[in-house]
Structures are given as C-alpha cells and as structure tokens.
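The values are calculated or read from the model by the stated rules, or taken from the named source; none is laboratory data. Predicted model only: the values in this text are computed from it and were never measured. Neighbour counts are summed over all protein chains in view; Cβ atoms, including those assigned to glycine, are modelled from backbone coordinates with ideal geometry. Heavy atoms of the whole protein, side chains included, go into the accessibility calculation; ligands, DNA and RNA do not. Shrake-Rupley method; radii C 1.70, N 1.55, O 1.52, S 1.80 Å.
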Amino acid sequence: MSSEKQPIVSAVDGSPHSWTALEWAAREAVRRGLPLTVVHVRPLTRRTVQEEQLRESDDLLAEAVRRAAAVAPDLRPGTLAPLDFPAAALIALGRDAAMVVLGSRGLGGFRSLMLGSNSLAVASMATCPVVVAHSGRRDENGTDGGGEPAGFPDIVAGVAADETSDAVLDFAFTTADTRPGARLRVVHGWTMFSSMLAGGPVFDRDAAGNAVGRSLAELTAGWQSRFPGVEVVREPVSGSAGRTLVTASATAALTVVGRRRGGESLGLGLSPVAQTTVTHALGPVAVVPC
C-alpha cells in the first residue's frame, strides 16, 4: 500500500456479490490508471484452523486474480489476506486507498437483507470513498450490472446545494471524465420547508424551484470549467432525494452520495438519504466522505 498512487481496494469472499464488485473495481482501476489490491479478510478463529483458512484464502485470491485478468488483462493486482474482522480490516486499509469496493452482501448475508452489515459498516466509517456494487441488474445487452455498463453511461450525483458537496462533485466529475460520452446528472431534492430554512421563497413553489436551480448552477459552474468535456444535467427535484436517487440508479453507471465526516465515533453512520440510496439502489453506489 506504499505505492505513489493509492490503490483501489476490492474485497472478495467468494460470493457472487463480491465477484461483481471485483469486476467493477478492475475496470475502474484501468480507467483511472490506479493499481488494484484484492483483499480477502480471514476471520479470527482458533490457531488450529488458521492454516486451512490460509490455503483457502490463497485459492480464493488466485481465482480473484484470474477473474480480474478476464476483464482487465493488463492489470497486475496485488493481494492481501489479513486476519481480522472484515469491516475493521477494510476500514483500516481504506486509510491508504483511493477507494474501497465491495459487494452489497457477502456469503454470510441473509437473502432478505438488501445490504450486508460489513458493507454498511465500511460505507459508514471509511475515510475514503466506498463503492457498494449491487449485482443482478441487467443492461440493455443482457450483461450483469457488475459488467461493463455500456447501456448505463450516466453518473448520478446527489448533492446538498452548498459547499459541503465539493467532495461528492469532485468524485462524480472525475468518474464521468473517465467515461467518454457519460453525462453527469446532479440531483438535489428540495421541499418548501428546506427552501424556507435556506432563506428562499416560502409560499411560491415555482419560485422556490427556480431558486434551487440557480443554486445548482452556481454550485457546478467551477467544476464544469475544470471538466469541460463532461456534460452536466442539473435536476432539482421537489420531494424525496432518496427515492429520486434510487430511481436514477436503475440507469446509472454509478450513483454518488455524500457522508458527513466526524460522526463515526458517535455511531451516526449514514444520513437518511445516503442510507436509502445505498440500501435500495439498483446499481453501484459510491459513498464519499464530505
């Protein structure tokens, strides 16, 4: 993890969701010109079981390298097999990573749960962006959502209409810039109450919507000058931002949401909008610390 470029860390456990995440991570590493580190966290067990665990881990990581090579032949991923609690290990590795990528559920998850406990913990606590790759979506060519998303070129970013969204916009613009032809859809959910709190119109819905639109234009103007090749679509939406982002995720290559820094030690985790998006999204979601 000491290379000049911070790697993309991809967690694998042999589940279909983790293979989906690995494929996504391998392609993203190529797009961004970053190294890839594949990680299988061995659970803490009795010492007598650890030798067998290590052999199984070696086999799993070898399979992961083969799968990465199938989608990114020129990539030479590194591998790690730390002995730790999965979420703790990935959060620690994230301190020196460009991003952590993991599946929405692992082998231990219940089928009725949309998001595994480790995925939720890492997304809530890591200091780097965390991408949760949901599997099962099919694109217009019949390819699984973890594959090359030719049918889903857009990047969707859910933002607050202020400077706290800078990290989200940075990640979203950079991601869109690596995908020729991708649009960046900047989504902001608003209500008349939020308009009042922001000092905007209180009784005129059309005026409130126009004010939010102007705020989004100001928010993205500087970023558009830095990324002139990225087409931006601003979408101020009256109503629930979470529901809007979940719907948008169905046809997006990636949906990007923010998470406020500083609440980790208090167990605050994700905001309602971020948790709704990560839990119910129909495609990959990036959670970016702001």
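What the table below lists for this structure:
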| read-out | value |
| --- | --- |
| Every pair of residues 6+ apart whose Cβ atoms lie under 8 Å, when the first sits in the stretch 56-69 and is under 15 Å from Glu23 (Cα atoms) while the second is surrounded by fewer than 19 Cβ atoms within 10 Å (Cβ to Cβ) and aliphatic (A, V, I, L, M) | Leu61/Ala81; Ala68/Leu75; Ala69/Leu75 |
| Residue check for Ala64: open to solvent by 50 Å² or more (accessible area, probe 1.4 Å), modelled with pLDDT of 95 or more and within 19 Å of Val101 (Cβ to Cβ) | no |
| Residue in the stretch 11-18 that is open to solvent by 40 Å² or more (accessible area, probe 1.4 Å), within 18 Å of Leu93 (Cα to Cα) and at pLDDT below 95 present | yes |
| Only listed residue being open to solvent by 10 Å² or more (accessible area, probe 1.4 Å), basic (Lys, Arg) and modelled with pLDDT under 85, chosen from Arg111, Arg95 | Arg111 |
